[in-house]
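> Mind having a look at this structure? Questions to follow.
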């Protein structure tokens, strides 16, 4: 093979290889065949948000040393959280309300907690 033809062929291969590499990494070509498809959220945001809020509050109560989480039921609907149950002291009552109020996504807290007077 003639040296000039070999140089031309090699130059052409380098240019084509560079073009293919550039279009691959820049994403400008082959838009019909994307390499990565972003995940889409499923349309159940209201149910999951309420469950997530109630779960976060319950988890905070389980990890808290002053609140007996087993004696408190937590429900959530549209950002409004309801706490039901019996607590042993006013301090435990106030701490449960504070944990609920300080959770992201909570707009209001309905207090249905009773303080057990017999444990006094």
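Please treat every number below as a calculation from the coordinates, not as lab data. Values in this document were obtained by computation on a predicted structure and should not be read as measured data. Cβ atoms come from the backbone with ideal geometry, glycine included; neighbour counts cover every protein chain shown.
> Taking 0.36 nm per residue of sequence separation and subtracting the Cα-Cα distance, how much length would be gained by fully extending the chain between residue 5 and residue 101, in nm to one decimal?
Difference between extended and current length: 26.7 nm.
> So, R0 is 35 Å and r is the distance between the beta-carbons of residue 24 and residue 51; what FRET efficiency does that work out to, to 0.05?
0.25
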